[in-house]
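Engineer: Structure incoming, see below.
The values are calculated or read from the model by the stated rules, or taken from the named source; none is laboratory data. Bear in mind that the values here come from a model prediction, so they are computed numbers and not experimental data. Cβ atoms come from the backbone with ideal geometry, glycine included; neighbour counts cover every protein chain shown.
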Amino acid sequence: MSPFQAPPPQEVIVESVRAHRVETETDADVIVVTAEELAATGERSLPRQLGHAAGVWIQETNLGGGSPILQGLSGAQVLLVVDGVRMNDSTTRNGVNQMLNGIEPAAVEKIEVVRGPRSVLYGSDALGGAVLVWTKRRKPAGAEGDRKLHGGVESTFQSTTDGFSGAATVSGAFEDHGWLAVGGYHNWNELESASGAVEHTAYHGESYFGAWESALGGGRTLRATSSITRDFDVPRTDRLNAGFGQSQPANAEFEYAIQNRQRFVLAYEDRAGGALADVVQARASFRYYDEERAIRALGSTNLRREHDTTNTLGLGLDFQKSLGEHVLTYGFDVDYDDVDSGRVDEDIVSGATTPKTGAFAPGSNFTSTGVFVQDEIASFDPFHVTVGARYSYFSFGFEDVNTGADEDGEFDALSGSVAVGRDIADGVRLVGTLAQGFRAPNLSELARDASFFGGTELANPDLEPEKSLYAELALETRRPGWSAALAVFHDSISDAVGSRLVNAGGPGLGDETYQRENVNTVEIWGAALTGSTRLGGTDSPWSARFLAEYTHGQQYDDFVDPSTGDEPFNDQPAQRIPPFHGSLGLRRDVAHGLIDWAEFTTRFAFSQNRLSPQDLADPRIDPDGTAGWVTFDVEVGGALATDATWRLGVLNVLDEEYRVHGSGLDAPGIGLVVGVRYSR
């Protein structure tokens, strides 16, 4: 449930067997945010909507990004899943990335944020947790259901970017079929922070989403979805503006000319029941991602035009079966990535062009497979027990650009989990969890040379998977009108992928060379407190919600600097750990005239002075530490007519000047948000 509202009674709809809520999960582990809550934030992108509505820490390198940080981890260590199909692929960057921004907000029905390793159910990358996105659908009408054509439009304006987004939705239903289509557009201009305009932030994009669902009879359905999102001319803000410790920016040009994500999924579900399963779900998917970049170093006349295209075929099969006091969830998945990469260098003075090898080695491909089983056991009453295990196997191949020889490799991983919960009082539950997680090195690390803090980071085909051991103790209380959950955790990650400096280059030239390696162990521990309540009784129009989260990370590395004899990375703060942060909100459901609700929210973050050696070298982070901050938002909304709603908000009312720790740009200053929605 969302921490932003007292939990209303509602029917639980399971979109995926793997997303089935088990008794050993608590509100500290899972936050659910609905489409209405996301839209009510008035934020410009899905990452910012999620951060606003669910309290998730969101890092932004540029306006077109937005990477959630869960349990101190981000990027390829957090898994993104849409309708049961993973969006992470073998080209997903290990650092913060823009994947979540590649989903049209108007097509989203709800989002589940699942904290802690979910490697048993979802495989690689779910070290810090998983973000599960469910898209909208129009179900078949049946014999006597609604067969009318429904449609709607919505739009949001933001003064801090002098930009807007808009979307149109239309849906229809027949007796055995239902369909829905969404089209969206967004155009954001330069961001206005409290300290002034932030250059190199504007971009625009478009999106299209469609879904068709057929009732096959006997509890069987077939659903086809397609999604296309395109962002254009997204500037890499942190490389185009001078950062901390820099007197000038690293690049004269650095734009993602296009980020084109396409996803096509065919999903079959059978709830008729049988000997093997009560529920069977199968998914076949094709995913396509094309990214084009234009990069030119400051003072250089050489413009690099790069492109990477990833084609992914996926198949997943899930089963769920009740056997007495056991509920078994089991299945398998397989994904195959084929990557094509190219580069052309252009002299902007002469116009001469020279073909070069792309970022990824020629012939790059990656295959991941896995089988899993999870058992919910009720026979240990009064204890609830959930156990699970997964075996995963990976293989990859590419052509060595230096020798022309074929390079290939393989690795595997075995992971398990156990959770035990018990009700210790009426409405009070205590749950302990022990889980293994893993992240397989992907082609971004195995077969891709990339820029790294102005230098170059070299590929390494001999990397091993990152592995983690996670322990959590959670206490959850649910009472009429209020709920709260507290969780404390510890996560130990071994063989974490990092970089070694192998060539210092020229002094101050930014031409250092690094080699990727499994370099260190990372210890992360922390706590999260979340809750909501009705003030003055269950029928009160006043409600409050709160969230507070603390994370502490430390890295250990026995690397010895030969020039000094020191261990510069050993027993140091871990990289890009968020500070202690949280939010407190007060809402009144008014139902008077045009106003239906009003909400006041304050968000805060303490200063973050615990910086890793990597943070100190990162121009996005102040080497003296990131200052703390407090913001206040005031928002109201209601109905204009029977079929229309409106919302109005003033965000960052005091025009607080601040930066979210790790981000490549300052946060928006005081801004007006206006949104309208019409549907019938």
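Engineer: Please go through the range 439-454 and pick out each residue that is buried (at least 20 other Cβ atoms within 10 Å of the Cβ) and touching a Gly at 6+ places or on another chain (Cβ under 8 Å).
Structural biologist: 446
Engineer: So, one more: Being modelled with pLDDT of 90 or more and under 19 Å from residue 486 (Cβ atoms) is the requirement here; does residue 24 meet it?
Structural biologist: Taking the combined requirement at face value, the residue satisfies it.
Engineer: Scan the range 173-193 residue by residue and report those that are under 17 Å from residue 149 (Cβ atoms) and either assigned to a strand (DSSP E or B) or of a type in the set (A, V, I, L, M) (or both).
Structural biologist: 173, 177, 178, 179, 180, 181, 182, 183, listed by residue number.
Engineer: State the number of residues belonging to the range 391-433 that are over 26 Å from residue 337 (Cβ atoms) and either of a type in the set (Gly, Ala, Ser) or in a strand (DSSP E or B) (or both).
Structural biologist: Final tally of qualifying residues: 17.
Engineer: (1) closer than 30 Å to residue 619 by Cβ; (2) surrounded by fewer than 22 Cβ atoms within 10 Å (Cβ to Cβ): which one isn't true of residue 217, the others all being true?
Structural biologist: Checking residue 217 against (1) closer than 30 Å to residue 619 by Cβ; (2) surrounded by fewer than 22 Cβ atoms within 10 Å (Cβ to Cβ), the one that fails is (1).
Engineer: Can you work out which of the residues in the range 441-476 that are aliphatic (A, V, I, L, M) and at pLDDT 95 or above is farthest from the chain's Cα centre (by Cα)?
Structural biologist: 475
Engineer: Please list, ordered by first then second residue, the pairs with beta carbon atoms under 9 Å, 6 or more apart or interchain, first in the range 620-637 and at positive phi, second part of a strand (DSSP E or B) and crowded, with 21+ Cβ neighbours inside 10 Å.
Structural biologist: So the pair list comes out as 625/608.
Engineer: Just to be sure I understand, how many residues within the range 548-573 are over 21 Å from residue 661 (Cβ atoms), in a loop (DSSP other than H, G, I, E, B) and either in contact with a strand residue (DSSP E or B) (Cβ under 8 Å, 6 or more places away or on another chain) or not hydroxyl-bearing (Ser, Thr, Tyr) (or both)?
Structural biologist: 12
Engineer: Looking at (1) of a type outside the set (Ser, Thr, Tyr); (2) surrounded by fewer than 19 Cβ atoms within 10 Å (Cβ to Cβ); (3) not in a strand (DSSP E or B), find the lone condition where residue 618 falls short.
Structural biologist: So residue 618 meets the others, but not (2).
Engineer: Moving on. Return only the number of the condition from (1) more than 23 Å from residue 666 (Cα to Cα); (2) part of a strand (DSSP E or B); (3) among the β-branched types (Val, Ile, Thr) that residue 634 does not satisfy.
Structural biologist: For residue 634, the exception is condition (1).
Engineer: May I ask you to say which residue of 534, 576, 545, 587 is of a type in the set (Lys, Arg) and part of a loop (DSSP other than H, G, I, E, B)? If you could, list the steps in order and put the result at the bottom.
Structural biologist: Values: 534 fails: part of a loop (DSSP other than H, G, I, E, B); 545 fails: part of a loop (DSSP other than H, G, I, E, B); 587 fails: part of a loop (DSSP other than H, G, I, E, B).
Going through 534, 576, 545, 587 in turn, just one is of a type in the set (Lys, Arg) and part of a loop (DSSP other than H, G, I, E, B): 576.
Engineer: Restricting to the range 393-417, name every residue that is surrounded by fewer than 16 Cβ atoms within 10 Å (Cβ to Cβ), under 22 Å from residue 468 (Cα atoms) and among the aliphatic types (A, V, I, L, M).
Structural biologist: 414
Engineer: Could I ask something else about it? Quick check on my filter: what residues within the range 224-242 are buried (at least 17 other Cβ atoms within 10 Å of the Cβ) and not in a strand (DSSP E or B)?
Structural biologist: Of everything in the range 224-242, those that are buried (at least 17 other Cβ atoms within 10 Å of the Cβ) and not in a strand (DSSP E or B) turn out to be 236, 237, 238, 239, 240, 241.
Engineer: Which of the residues that make up the range 55-88 are crowded, with 24+ Cβ neighbours inside 10 Å and of a type in the set (D, E, K, R)?
Structural biologist: If the condition is that a residue be crowded, with 24+ Cβ neighbours inside 10 Å and of a type in the set (D, E, K, R), then 60, 86 are the ones that fit.
Engineer: Follow-up question, since we're still on this one. Please work out which residue is surrounded by the fewest Cβ atoms within 10 Å (Cβ to Cβ), limiting yourself to the range 573-595 and to residues that are within 21 Å of the chain's Cα centre (by Cα) and farther than 17 Å from residue 53 by Cβ.
Structural biologist: Step one: of the range 573-595, the residues within 21 Å of the chain's Cα centre (by Cα) are 574-583.
Filter once more, keeping what is farther than 17 Å from residue 53 by Cβ: 574-580.
Values: 574: 24, 575: 23, 576: 25, 577: 24, 578: 23, 579: 22, 580: 17.
Residue satisfying both the conditions and the ranking: 580.
Engineer: Same structure again: Those residues that are surrounded by fewer than 16 Cβ atoms within 10 Å (Cβ to Cβ), among the polar types (S, T, N, Q) and touching a strand residue (DSSP E or B) at 6+ places or on another chain (Cβ under 7 Å), I need them from the range 301-329; list them, please.
Structural biologist: 301, 302
Engineer: Report, ordered by the first and then the second residue, all pairs with beta carbons closer than 6 Å, sequence separation of six or more or different chains, a first member in the range 563-589 that is β-branched (Val, Ile, Thr), and a second member that is at pLDDT 90 or above.
Structural biologist: Final answer for the pair search is 577/72; 577/551; 577/553.
Engineer: Has the range 321-331 got at least one residue that is closer than 20 Å to residue 271 by Cα, free of Cβ contacts under 8 Å to residues at least 60 places away in the same chain, among the aromatic types (Phe, Trp, Tyr) and in contact with an Asp or Glu (Cβ under 9 Å, 6 or more places away or on another chain)?
Structural biologist: Within the range 321-331, one or more residues are closer than 20 Å to residue 271 by Cα, free of Cβ contacts under 8 Å to residues at least 60 places away in the same chain, among the aromatic types (Phe, Trp, Tyr) and in contact with an Asp or Glu (Cβ under 9 Å, 6 or more places away or on another chain).
Engineer: Could I ask something else about it? Based on what the data block shows, is residue 676 closer than 15 Å to residue 596 by Cβ, of a type in the set (A, V, I, L, M) and either out of contact with any Phe, Trp or Tyr (no Cβ under 7 Å at 6 or more places or on another chain) or not in a loop (DSSP other than H, G, I, E, B) (or both)?
Structural biologist: yes
Engineer: Output the qualifying pairs, or none if there are none: Cβ atoms under 9 angstrom, residues six or more apart or on different chains, first residue in the range 425-442 and free of Cβ contacts under 8 Å to residues at least 40 places away in the same chain, second residue of a type in the set (Gly, Ala, Ser) and in a strand (DSSP E or B).
Structural biologist: So the pair list comes out as 434/416; 434/417; 434/419; 434/471.
Engineer: Among 267, 272, 277, which is touching a residue at least 12 places away in the same chain (Cβ under 8 Å), buried (at least 21 other Cβ atoms within 10 Å of the Cβ) and in a loop (DSSP other than H, G, I, E, B)?
Structural biologist: The conditions single out 277.
Engineer: Considering each residue of the range 596-612, count those that are buried (at least 20 other Cβ atoms within 10 Å of the Cβ) and of a type in the set (D, E, K, R), and give that number.
Structural biologist: 2
Engineer: Right, here's the next one. Is it true that some residue in the range 212-223 is under 20 Å from residue 48 (Cα atoms) and in a strand (DSSP E or B)?
Structural biologist: Looking through the range 212-223, none of the residues is under 20 Å from residue 48 (Cα atoms) and in a strand (DSSP E or B).
Engineer: May I ask you to list the residues in the range 594-611 that are of a type in the set (Asp, Glu) and within 18 Å of residue 651 (Cβ to Cβ)?
Structural biologist: Correct list: 599 only.
Engineer: Can you tell me which residue in the range 644-656 is surrounded by the most Cβ atoms within 10 Å (Cβ to Cβ), limited to those that are of a type outside the set (Phe, Trp, Tyr) and without any contact (Cβ under 8 Å) to a residue 60 or more places away in the chain? Let's see the steps before the verdict.
Structural biologist: Residues of the range 644-656 of a type outside the set (Phe, Trp, Tyr): 644-645, 647-656.
Adding the requirement that they be without any contact (Cβ under 8 Å) to a residue 60 or more places away in the chain leaves 644-645, 648, 650, 653-654.
Details: 644: 15, 645: 19, 648: 16, 650: 15, 653: 15, 654: 11.
Once the filter is applied, the top-ranked residue is 645.
Engineer: Still on this structure, I have one more. Scanning the range 95-151 for residues that are out of contact with any Gly (no Cβ under 7 Å at 6 or more places or on another chain) and acidic (Asp, Glu), which turns out nearest to residue 442 (Cα to Cα)?
Structural biologist: 125
Engineer: Same structure again: Which numbered condition in (1) crowded, with 17+ Cβ neighbours inside 10 Å; (2) at positive phi is the only one that residue 196 fails?
Structural biologist: Failed condition: (1).
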